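**Q** Pasting a structure below so you can have a look.
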Amino acid sequence: MKRKDFLEKSLKAGMLPFFINGMRFQAYGSTPMLKAIAEASAKNGKVFVLIQLSGGNDGLNTIIPLDQYTNLANARNNVLIQDSKVLTLNGFSGTGMHPAMTGLRNMFNDGKVNIVQSVGYPNPNFSHFRATDIWHSSSDSNAFINSGWAGRYLETIYPGFPTGYPNTNEPDPLAISIGFSVSTTLMGPTANTGMAITDPVSFYQLVTGTVDPAPNTPMGHELTYVRLVLQQTQEYNTTVKAAAQSVSNKATYPSNNELADQLKIVANLIAGGLKTSIYTVSLGGFDTHSAQVSASGGNETGAHANLLKKVSDAIAAFQSDLEQLGIADRVAGMTYSEFGRRIKSNDSRGTDHGAAAPLIVFGTKVNPTIIGSNPTIPSSVNVDDNMPMQYDFRQIYASILVDWFDTPATSADNDILLKHFDTLPIFKTSTSVNKYQVDNQSLMQNYPNPFTEMTTIDFISPGGMVELRLYDNQGRLLSVLVKEQKAKGKHSYVLNGAQLPPGNYYYQLITANGQIGRHIIKQ
Amino acid sequence: MQRRAFISNLIADKEPPKALPAEQFQNKALPTDLQLGQGGIANYTGTWGEAQVKHLLRRTLFGFTKADVDFFKTMSMSDAVDYIMNIPTTQPNPPVNGYNTSTDIDPDISAGQTWVNGPDNINYHGQRRNSLYAWNMEQILAPQRHIREKMTFFFHNHFATEAETVGWPIVVYNHHKMLRENCLGNFKDLVKTVTLDVAMLIYLNGYLNTKTAPDENYARELMELFTLGKSSESQYTEDDVKAAARVLTGWRINVNNYTSFFSDVVHDTGNKTFSAFFNNTVISGKTGSAGATETDDLLNMIFAKDDVVARYIVRKLYKYFVYYVIDSNIENNVIIPLANDFKQNWEIKPLVTALLKSEHFYDSNNMGCYIKNSLDVFSTFVKQFKVTMPTSPVEDVFSAYLTLHYGAAVTGLNWGNPPNVSGWPAYYQTPQFYQLWLNSDTLPKRIMYTVLLMVGFQYKGTNTLVSDIIEVAKQFSDPSNPNTLIQESIDLMYAMDISSAKKQSLKQSTLLFGQTSDHYWTDAWNDYLANPNDASKKNLVLTGLLYMYKYLLDLAENQLA
């Protein structure tokens, strides 16, 4: 036998498993985030796509609070987007989008985008890795949880999984994560040779057969793991290959856009009939400590603009594809990042790690609106000052679980998110529509402000339980000032802040109607 | 399993059989219920046989040959470790221009000349970085019997930088040269060197860290990743990070000669107060050039938390060289004793030497449990399967080594460009650790690449990397005996044996061409030796060997070291 013949037989049907349209991907139910997922789509056919913007996206330059422009200019002039270039949003004159985000802006104006303002969590962490863990595990800032929220979700639906899976009824991967593309840096003089023999949707034929028993030693443990990955590969190859080959994408995706490359595969696989209900994709590079904006081309250009353009173009093409493929009504997605960035920019035309940031949910079934108010920017911003949160990221998860995947609320609270979080009116199916639209007049600016010892906060209760909270400039909860039943009408709270160090603080009113916050300055 | 079924599974294009689902088999928690390695750091005095020699080589070299095993077998354990720890004092020759093509020629650096002395040319940054990647693979694949490349990679992972982010090829080269030169030196000195290293100043924005706009990026990672770690015993605060960033203000880069320097103009001369974790240390602000010495004050303050630093580093080395599970027994009998010695002077070489000579290291439960990274897989294959790498012309050398670099990159280990400043998750992400190297994408690709290298991998035009598997077979004691040929191949490739039933099945379906009697192989081999120029006889032998080795490359056992 010639080597060539051996090659052809041995590698028959090509190779490069899970290598579709030049992209690598993994099928799995097992990651820190998605320990196992979701045949829920088999129940209601719905799919959710998680788009991770890793590195910490600068929310203030993504969804821009135009009504804060003067203070914004004071805080971050060297990265500030010129207000005349900010893209306007129908019905929201005080808020705009980064000029690079025309695709998403058009989707917003077409009623397919929901924006949630200032999403974060109490006591934010500023380490990329810890913050990402918190988002993925859906844990409190000081809690360490090894499983992922979406993984816990599946366990509630399929207790005992994976025993017996996949099977005739449920043959598909439960979640699919599409990895980074083969970077252009890899497209050197030899890469084409290496890849030329590959067929995009076919698989390397591994030997199979009986396996020797493995001992209860570290070696046996790892050997078992490797064997199971080999078996898993064989299993999922079959269904994924069939799905990818059964239909073609219909939209034109932007080139040189690794997020678009990933979403293109997601659309292909959904349309191809995979029952997989959660997909994760990611785009890196958002850790813009320096040169976030171009030195020469204007602040609306540069590294961050390029990233936002990729996000916006990719999602717009994806949405168009879903619509042309006739599956748009059962697919939604969101962007998220482990944290936003500091209000004040640094000297290197960049921004350091921050706290809360806006989050974008898209699809034909979202409420086309902005939830929450524009963040308020203090007139004088210190380098430490961070954006306080308006909504906990777990409220978004709760909304996805309850309003998108039809998970019972008790299950979402107890089994998946590990405590109760109110849903937000993100989806049209939400029963919490009209909630969270707190009247701007419900919480007055404190007086005097700035203050030195005592200051008064006036607020209006709609009746029922009312909370008034005080946060420091890093978003840490300092004190719950009021937590009691308050009759409908105006109330006052006198804050004795003599002991507080000088600086910016933030107070927040939470009522049955939602929440609202304001900045306060201690001198 | 029936022979026919086996054969068809091996080569046929058919639907794979249903098997157990493997979706959730990454660890959900650290597997502490396993029979973990025992023993402390006393010198190992047990049997010094092939198993122990190969364990040492698997963990300290990127690939080894049968000749390497024979070489170390004749030494004592202690001498063997000393030999491995004795790294060359000279540095490898720097990377050269092998990237010219007929249409694209670097105007400043002629073919075969190094570019590391400049001049810089931004139009050739990409090619020069590729040249560096290829050059690194060349260092890894060079025949060697010392730990330098494994230690250099440890520190590349520990002090992670991304070449594509740093950009300047000269700066990236200098960074890796620095790591290679200091890989067995003094750890505290190395942290200082890294702090002032140009690539690191760029990667973590240290050069932009000024008194008016302190940038915390380096200060944070200095504590969280490089020295103290993040754990219950490491309780520095967010304010400590900010204070450290202020201490470190003033380091700048000279873009003309790629060196760093201290600029007191942008240095924050205020006092910096640290938390109770650092005993409320105040680093006094200093003016003028003396401001640079605050960096030493900062490092002294961090290293004064000597137990925290030493244990963090020893644990990281342990996870790199032994296994990722550290129970209380290992913590008390291995980590803490090694850390207690390490913190006396921060010398890396005696620390690693002590670990590699310890009775704990050679405990049988510590063998075969290390999931190889892609560099391990490809370097081991190239060395054990006698793939001849080109030595000229420079363009071929460049392409061949870069091809292997790509192979590692597309299977999850893109040398020079770790995913982020934490390095590769396989070395820190609990509880999965090494398991993260392998998934349904990377594992089949790893295997595919090795099989391609066995049968012929065209890396440039018709230039091919290919193993000489007849020579591979010839190195064993009696290649005409299918039983010893398989056993000795397994002994070289795997850290564990496989069952006799499996070996029997393997033998019959490959070397015996589906028959049952050993003489089918013995006759074929002897026939070939008697007629080495007879193409059909050679092809018969080749076919048997290809199938036999493909089988061994496919098995899970080949991913472990």
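Every read-out reported here was derived from the displayed coordinates using simple, explicitly stated rules and does not represent laboratory data. These numbers were taken from a predicted model, which means no experiment stands behind them. A quick note on method: Cβ atoms are made from the backbone with ideal geometry, for glycine too, and the neighbour counts reach across all protein chains shown.
**Q** Given the DSSP H assignment, sum -39500 (n - 2.57) over each helix run of at least 4 residues in chain B and divide by its residue total; what's the result at 222 nm in deg cm²/dmol, nearest 500?
**A** Working: 24 runs with 262 residues, N = 561.
So the helix-based figure for chain B works out to -14000 deg cm²/dmol.
**Q** Over chain B, what lengths in whole Å, largest first, do the semi-axes of the equivalent ellipsoid take, defined as the square roots of 5 times the eigenvalues of the alpha-carbon gyration tensor?
**A** Details: eigenvalues 425, 168, 80 Å².
Its equivalent ellipsoid spans semi-axes of 46, 29, 20 Å.
**Q** Suppose each label sits 7 Å from its Cα in the direction of the beta carbon; what would the residue A:490-residue A:452 distance come out to in nanometres?
**A** Each label point is offset 7 Å from its Cα along the Cβ direction, giving 2.8 nm.
**Q** Let me ask something additional. Just checking the output field for B:444-457: average partner chain Cβ neighbours within 10 Å of each residue's Cβ? Working shown, then result.
**A** Working: counts 14, 7, 0, 6, 12, 2, 0, 6, 6, 0, 4, 8, 4, 4.
Mean number of neighbouring Cβ atoms from other chains: 5.
**Q** So, one more: Can you compute the FRET efficiency between residue B:47 and residue B:391 using 1/(1 + (r/R0)^6), with r the Cβ-Cβ distance and R0 = 41 Å? Round to the nearest 0.05.
**A** With R0 = 41 Å, the Cβ-Cβ based efficiency is 0.55.
**Q** Using the crude model of +1 on Lys and Arg Cβ and -1 on Asp and Glu Cβ, and no other charge, please compute the dipole size for region A:442-522 relative to its Cα centre, in debye to 20. Provide the component values of the computation, followed by the final result.
**A** Numbers: 8 positive and 5 negative charges, 30 e Å.
In total the dipole reaches around 140 debye.
**Q** Count, for each residue of B:431-440, the Cβ atoms from other chains sitting within 10 Å of its Cβ, then give me the mean as a whole number.
**A** Details: counts 2, 5, 1, 3, 6, 2, 2, 7, 13, 18.
Counting Cβ atoms of other protein chains within 10 Å of each residue's Cβ and averaging gives 6.
**Q** Zone of residue B:296 (label point 7 Å along Cα→Cβ, backbone N under 15 Å): which residues in region B:196-231?
**A** Under 15 Å, as judged by backbone N against the label point of residue B:296, lie B:196 of region B:196-231.
**Q** What order do you get for B:192-201, B:176-185, A:394-403 when each peptide is scored by the mean count of other beta carbon atoms within 10 Å, highest first?
**A** Numbers: B:192-201: 21.9, B:176-185: 19.2, A:394-403: 24.3.
Top of the packing list down: A:394-403, B:192-201, B:176-185.
**Q** Whole-Hz ³J(HN,Hα) for each residue in region A:316-332, computed from phi via Karplus 6.51 cos²θ - 1.76 cosθ + 1.60 with θ = phi - 60°, x for glycine and proline: what do you get?
**A** Per-residue couplings from phi come out as 4, 5, 4, 4, 4, 4, 4, 5, 5, 7, x, 10, 5, 6, 10, 10, 9 Hz.
**Q** Can you list the residues, at least 5 places off or on another chain, whose amide H is less than 5 Å from the amide H of residue B:387, using H built in the peptide plane?
**A** B:468
**Q** Extension gain residue A:329-residue A:444, at 0.36 nm per residue separation less the Cα-Cα distance, in nm?
**A** On the way: separation 115, 0.36 × 115 = 41.40 nm, distance 4.12 nm.
Using 0.36 nm per residue and subtracting the Cα-Cα distance, I get 37.3 nm.
**Q** Another question about this same structure. From the Cα gyration tensor of region A:442-522, with a ≥ b ≥ c the square roots of its eigenvalues, which class applies: rounded if a/c is under 1.5, or else prolate if a/b is larger than b/c, or else oblate? Please list the in-between numbers first.
**A** Working: a/c = 2.11, a/b = 1.65, b/c = 1.28.
In terms of gyration-tensor shape, prolate.
**Q** Right, next: What is the distance, in nm, between label points placed 7 Å from the Cα along the Cα-to-Cβ direction at residue B:328 and at residue B:503?
**A** Those two pseudo-labels are separated by 4.2 nm.
**Q** Can you list the lysines whose alpha carbon sits under 19 Å from that of residue B:54, skipping same-chain ones fewer than 8 residues off?
**A** B:66, B:73, B:150, B:319, B:357, B:372, B:383, B:386
**Q** Evaluate the relative contact order of chain B (contact order divided by residue number), counting alpha-carbon pairs under 8 angstrom at least 6 apart; express in whole percent. All intermediate terms of the calculation are to be shown ahead of the outcome.
**A** Values: 803 pairs, mean separation 105.5, N = 561.
Over chain B, the number comes to 19 percent.
**Q** Further, regarding this structure: Just to check I understand the Karplus step: with θ = phi - 60° and J = 6.51 cos²θ - 1.76 cosθ + 1.60, what whole-Hz values come out for region B:120-132, glycine and proline as x?
**A** Calculated HN-Hα couplings, in order: 6, 8, 4, 5, 10, 4, x, 5, 5, 5, 4, 4, 5 Hz.
**Q** Let me ask something additional. Report the local net charge at residue A:345: Lys and Arg +1, Asp and Glu -1, summed over other residues whose C-beta lies under 13 Å from its C-beta. Write out the running numbers ahead of the final one.
**A** On the way: positive: A:76, A:341, A:342, A:344, A:349; negative: A:58, A:347, A:352, A:385, B:215.
Net charge around residue A:345: 0.
**Q** So who's got an amide H within less than 5 Å of the one on residue A:280, skipping anything under 5 residues away but keeping other chains? H placed 1.01 Å off N, in plane.
**A** A:50, A:176, A:177, A:178
**Q** Angle check, please: helix B:535-554 long axis (alpha carbons) against the longest principal axis of chain B (alpha carbons), in degrees 0 to 90, nearest 10.
**A** Helix B:535-554 sits at roughly 50 degrees to that axis.
**Q** Given a Förster distance of 35 angstrom, what is the FRET efficiency for residue B:271 paired with residue A:476, based on the Cβ-Cβ distance and rounded to 0.05? Intermediate values should be presented prior to the final figure.
**A** On the way: r = 25 Å, r/R0 = 0.71.
After rounding, the FRET efficiency stands at 0.90.
**Q** Something else: How far is it, in nm, from the label point at residue B:110 to the one at residue A:306 when both lie 7 Å from their Cα along the line to the Cβ?
**A** Taking the two extended label points, one gets 3.5 nm.
**Q** Give the calculated FRET efficiency between residue B:86 and residue B:142 to the nearest 0.05, with a Förster radius of 25 Å applied to their Cβ-Cβ distance. Mind dumping the intermediate values first?
**A** Numbers: r = 16 Å, r/R0 = 0.64.
The calculated FRET efficiency here is 0.95.
**Q** Nearest 10 degrees is fine. How inclined is helix B:500-509 to the longest principal axis of chain B, computing both from alpha carbons?
**A** Once rounded, the angle reads 60 degrees.
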